[in-house]
Structures are given as C-alpha cells and as structure tokens.
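As structure tokens, the structure follows; a few thoughts come after it.
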Amino acid sequence: MPLDFAALAAAPRLLLEAKLAPIQGTRFQPTGFPNLGPATYDGPDGRRMLLVESAQSMANRMETVCWDKVADDWVAPLKGLPVIKVVDKSHKPLTNTVLEAHRTNSPYILEGKDSRVLDQLKKELAAMEEGAVDIRKLASVLLRLDTNALLHGVFLAKPDLAGGRLRLPRALSAFIEAEDVREAQSGGVKNDHVNPSGDTARGFGNVPFTRSEFTAPKISAYFNLDLMQIRGYGLGEAVEQLLTALALFKIRAFLDLGLRLRTACDLECQTLAVTQPSGFGVPERAALELALPDLVERVANEQRWPEMRARITEIVWEPAARGSKKSKGTDAADD
C-alpha cells in the first residue's frame, strides 16, 4: 500500500513527540558533558529539566539504525541509496558517510590521496566560487553522491569549495529531555581481590566511586522534520517522498531498536504522537520498510542513477603527503 503524505503537502514542519520510560525500574542515566556532567536546567515553569540526549547524538543514533555493520551496507529497506565508503589499501572498510563524524566533509574523504570526491565536487559546484550559493544545485549533487546528507545536513568547510560556504542545515533533528527530575545518587567499589591497597593510579587497589542517575515523571523524545527545506531543494515529488519516508523510517527504527542509549539508560517508547500538522498519522515501521525500496528505485529511474552497485562511491584512504596543497578547511561541527 503506497504511503499517504497528502496531509503534509502544505505543512512547514512535521513535529512528533514520543513518550518514553525506563524499560526496567525508574532510574536512567543521561548523557554527560565534559566539565559539566548531566545537563540540568530550569524550565519556563520552574521545574527542573534534564537533557537526556542531545541533537548531535540523536542525529548519529538515527543513522546507526540505518546501517548494517556486519554487511557494511544499508539495512535491507534502504539498499540502493547512494553512499560514500572509505576503505584502506587492502579494501577493508574504515568508515562511510552514514557513520562518519563529518559525513561528506570527512577528512578521510576530502583530505587523502584519493581525491575523486573532492574533484567531483569542485567540478560540479565550480559555478558557486563567486556569488550566492545555489542550494538546489548543491542538493542535486549530494542526492546522487550521499543522499543521507539532505536529511542529516552537511558543511563542506573547504576553502576551495565555494570558499567554504557550502552548507545544508539538518532537515531532521531530535532531542530527548526529562521534566521535573530528581537525582538518584548511588555508588560502588572497583574491587581488587589480590591487592586491595595497591597503587590506584596504576589500576590496582580498591577504588570507590559515585554514580548519579535520575528519575522523572515524564521523558519525551521530540522530532522535527523540516518539510519546507525538503521542498526547497526543488528535486521533485519523488525525491520529497523518499526523503520524508527515510526520515520517518529513521524515527521509527530508533524508537523500536535504538533506545538502549547507555548501560543504565534503556528506554521504551510508550506512545508516538503528531503535534503538527493535524490529520497525519505516522506509518508503522513495517509499512515504511515495504514502501522504501520502490521509492528508492523510483528516484533512481527519475534521476538516472547508475545500477545499484555503482551508487556506492568507494574511496581508498591514504594520507596525503605532507606539504600537499589539499584543502585544509575547518572541520564542520555536524556530528
């Protein structure tokens, strides 16, 4: 059965809220930040809030569920989507643009001796060296090279690529926060049964430690799909439907399979609701898995992509020689 996105046709955003809860017990461990620890803050009504998972981490987690690490390929419903893979000189997989921290802007893709992707980007985007950046042209190039970038966003921060101005913001973003939180303090001891009084600086001896977890009456995951940005790419209805279905698959797969965020933060989704626009129901993961292969091939035919194997661009990683004139632009903070 085809997916029905008619209710999204005039909507600027698709906003979703998922109610989460610990899968066992009441405690959970949030993400922590260097020199900060848990990110607690006061809500507008004075309740104590907690950032459980950041936007950067959620972007990564929604892509992890799209990639089969054993097969080093997309999960079955997404096979055929263009992607860039990086391998070593013996063709052993190293990374790819679904999992790599800076995606297409990765130094493993743009800073090595194998310059095919950089050369292709320079050639196809040469007209943007001066003047305004043509977002539609950039999106068209990335659609054929690294489709996921149109949802994840990308910042090609290389001076020799339009002066480092080529950027697509995230079209799909998310975060998890908890309301009215209470701390649950505990601790433990790393036991050394051989030499309890040994030198702890060298890893010996008994080492006591504290542990901070939290409880909360409400934990929510929020998802925001920028439909105006997707339509603004100007790539046609088929691409818009593919990107929308891919975004919804990421959300559904994350909520079904990816909620074990940490050892002490294993959550489950209790409900998923559309907060905007009214009248749209999120398809189940099974329906998305059934529809996505046809959507991929529809776009492939319309955009004249090559056969499936040729949609993978394989880069052999070998560091460029010192003193090379390769671009040394600042890495983008898009992980």
Discussion item. Taking 0.36 nm per residue of sequence separation and subtracting the Cα-Cα distance, how much length would be gained by fully extending the chain between residue 64 and residue 101, in nm to one decimal?
Written reply: 12.1 nm
Fill in: the chain - Debye-derived log10 I(q)/I(0), Cα point model, q = 0.09, 0.15 Å⁻¹
-0.57, -1.27
Practice prompt. Using 0.36 nm per residue of separation minus the Cα-Cα distance, give me the extension gain between residue 165 and residue 268 in nm, one decimal.
Written response: 33.1 nm
Fill in: the stretch 1-44: projected area of the alpha-carbon convex hull, averaged over directions, in nm²
7.4
Worksheet item: What length, rounded to one decimal in nm, is gained on full extension from residue 211 through to residue 90, with 0.36 nm per residue of separation minus their alpha-carbon distance?
Response: 39.2 nm
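With the alpha-carbon atoms as the only input, what is the per residue convex hull volume for the stretch 150-216 in Å³? Don't skip to the answer; put the middle values down first.
Numbers: hull volume 13.7 nm³, N = 67.
Given the Cα convex hull of the stretch 150-216, per-residue volume reads 204 Å³.
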Fill in: residue 307-residue 228 pseudo-label distance in nm [points 7 Å out on the Cα-to-Cβ vector]
4.4
Response to the item:
Pseudo-spin-label distance residue 130 to residue 9, built 7 Å along Cα→Cβ, given in nm, is 4.4
Discussion item. Once R0 is set to 51 Å, what does the formula 1/(1 + (r/R0)^6) return for the Cβ-Cβ distance between residue 41 and residue 193, expressed as a FRET efficiency to the nearest 0.05?
Written reply: 0.75
Discussion item. Among the listed pairs 19/79; 19/218; 85/113; 218/250, which have their C-alpha atoms separated by more than 19 angstrom in this model?
Written reply: 19/79; 218/250
Worksheet item: For the stretch 166-302, what is one quarter of the convex hull surface built on the Cα atoms, given in nm²?
Response: 14.5
Worksheet item: How big is the antiparallel share of DSSP beta bridges in the chain, given as a percent to the nearest 5?
Response: 90
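Bear in mind these aren't lab numbers, they're just calculated from the coordinates by the rules spelled out. Not measured: the values here are computed from a predicted model. Note that we place each Cβ from the backbone using ideal geometry, even for glycine, and neighbour counts take in every protein chain shown.
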